[in-house]
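Read the structure below first, then the notes.
The values are calculated or read from the model by the stated rules, or taken from the named source; none is laboratory data. The shown structure was predicted, so the numbers you read here are calculated from the model rather than taken from an experiment. FYI the Cβ positions are ideal-geometry reconstructions off the backbone, even for glycines, and counts take in every protein chain you see. Ligands, DNA and RNA are excluded from the accessible area calculation, which covers all protein heavy atoms including side chains. Shrake-Rupley method; radii C 1.70, N 1.55, O 1.52, S 1.80 Å.
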Amino acid sequence: MQASSGCLSSRNLAWAPRGQRSPMSLPLGPPKPTIRFRVSAVAAPPPPLKLQRTHSMPPEKVEVFRSLEGWASQWVIPLLKPVGQCWQPQDFLPDPTRPRDEFFDQVRALRDRTAELPDEYFVVLVGDMITEDALPTYQTMINTLDGVRDETGASPSPWAQWTRAWTAEENRHGDLLRTYLYLSGRVDMLMVERTVQYLIGAGMDPGTENNPYLGFVYTSFQERATFVSHGNTARMAKEGGDPVLARVCGTIAADEKRHENAYAKIVEKLLEVDPSGAMLAIADMMRKKITMPAHLMYDGRDPRLFEHFSAVAQRLGVYTADDYADILEFLIGRWRLEKMEGLTAEAQRAQEFVCGLAPRIRKLQERAEERARKMEPLSVKFSWIFNKEVVL
Ligand SMILES: [Fe+2]
Ligand SMILES: [Fe+2]
């Protein structure tokens, strides 16, 4: 999407960023910012001065999660894979225990395979890798959630067990992508590493308010978004001549799918035990828009790095506004939200809002793209690929 001032404001886009870095998106700010590049579903951080709401779940609802511990042990924990059966990064990487020449041949083969992939592909792959590498932030975020957090660091509660093991599974994603990118020689690792350090230092603000209802809606959506995104980088690696990288991204995507299934199952259960409460939570998160986890990324140079990365992801079709609408529709179907009955009046309004949202997103996106076609494409330099320019 491209939009200029006076055109469709990103504030009106259901999938658009939760505000811009610019103060213009604050309620009383000056006129709307000019956006001269495609903004995807994943673009832009929340406004810096946004009030952060905390502990919005009524304390008595903590009991819901305590009462679901047995259920979680039976239905959620089994969705983890035993460590011995899990893939490890080393399964996909040159083997340093082989004789020296053989190891070097494997590295050379990796570099040959990645040589033909375009720079813009690496912008997206680096952005995905950085997102994975900020894992400490996500474990922290899940452990802000009342009633399900890991109280000790080694709590035996199934919620805490899940979060630790989920983190351990996720930890392989960034490790593998990072090593692969390092060996490819195609990216400026120093700038990539600096971006990771900035990002972990900045954290994230998904608007989940310590509320596990909101938290699990967020993670359901987010795991599917990463599934879609890694699936697309896999497809493009294959088309671009690197079947190993295709397997790498595809294998990560399969993990994300399994994780999505676990989180969506939890929300499904919440819809069963507390239909109105869960419906309100889904609507709340969709009203806020699902902020991507790396929305605060920065490399020390480009203050709009995340928006620029997202714009490239949108243009290449790795993660788009359409995907955002697809994910929403998928979850509406999976949770059977349209057919839910017995809701409070407020929750019925929430249901109507959620179930009518995807077509609205698509319509706005179509209009925005029409406008975008009339504009000059913009290019931006990415430090991750040695300051080469990429069209947004
Ligand atoms: Fe991941
Ligand atoms: Fe994930």
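Considering every residue within the range 283-292, establish whether at least one is open to solvent by 10 Å² or more (accessible area, probe 1.4 Å), outside any helix (DSSP H, G or I) and within 16 Å of ligand 2 (Cβ to nearest atom). Yes, the range 283-292 contains a residue that is open to solvent by 10 Å² or more (accessible area, probe 1.4 Å), outside any helix (DSSP H, G or I) and within 16 Å of ligand 2 (Cβ to nearest atom). Scanning the range 67-86 turns up no residue that is closer than 16 Å to Cys249 by Cα and assigned to a helix (DSSP H, G or I). Just to be sure before I move on: is Arg258 more than 13 Å from ligand 2 (Cβ to nearest atom) and not β-branched (Val, Ile, Thr) in the structure I sent? So Arg258 fails the test. Trp166 satisfies every condition listed in (1) within 16 Å of ligand 2 (Cβ to nearest atom); (2) aromatic (Phe, Trp, Tyr); (3) surrounded by fewer than 22 Cβ atoms within 10 Å (Cβ to Cβ) except (3). Residues in the range 220-263 that are of a type in the set (S, T, N, Q), away from ligand 1 (no atom under 12 Å from the Cβ), open to solvent by 10 Å² or more (accessible area, probe 1.4 Å) and out of contact with any Gly (no Cβ under 9 Å at 6 or more places or on another chain): Asn261 alone. Of Ala325, Ala294, Ala321, Ala262, all but one fail to be closer than 17 Å to Phe382 by Cβ and aliphatic (A, V, I, L, M); the exception is Ala294. Condition check for Leu343 on (1) open to solvent by less than 30 Å² (accessible area, probe 1.4 Å); (2) farther than 24 Å from Arg235 by Cβ; (3) within 25 Å of the chain's Cα centre (by Cα): one failure, at (3).
Picking from residues in the range 140-151 that are assigned to a loop (DSSP other than H, G, I, E, B) and open to solvent by 10 Å² or more (accessible area, probe 1.4 Å), the one that is nearest to ligand 1 (Cβ to nearest atom) is Asn143.
For Ser157, the conditions (1) open to solvent by 30 Å² or more (accessible area, probe 1.4 Å); (2) away from ligand 1 (no atom under 14 Å from the Cβ); (3) among the small types (Gly, Ala, Ser) are fulfilled apart from (1).
Could you tell me whether any residue of the range 110-126 is within 16 Å of ligand 1 (Cβ to nearest atom), open to solvent by 50 Å² or more (accessible area, probe 1.4 Å) and free of Cβ contacts under 8 Å to residues at least 40 places away in the same chain? Taking every residue of the range 110-126 in turn, none turns out to be within 16 Å of ligand 1 (Cβ to nearest atom), open to solvent by 50 Å² or more (accessible area, probe 1.4 Å) and free of Cβ contacts under 8 Å to residues at least 40 places away in the same chain.
Here Pro136 meets each of (1) surrounded by fewer than 19 Cβ atoms within 10 Å (Cβ to Cβ); (2) assigned to a helix (DSSP H, G or I); (3) away from ligand 1 (no atom under 16 Å from the Cβ) with one exception, condition (3). Taken together, the residues in the range 266-280 that are in contact (Cβ under 8 Å) with a residue 24 or more places away in the chain, open to solvent by 10 Å² or more (accessible area, probe 1.4 Å) and assigned to a helix (DSSP H, G or I) amount to 8.
The residues of the range 343-392 that are of a type in the set (Gly, Ala, Ser), assigned to a helix (DSSP H, G or I) and without any contact (Cβ under 8 Å) to a residue 60 or more places away in the chain, listed by number, are Ala345, Ala358.
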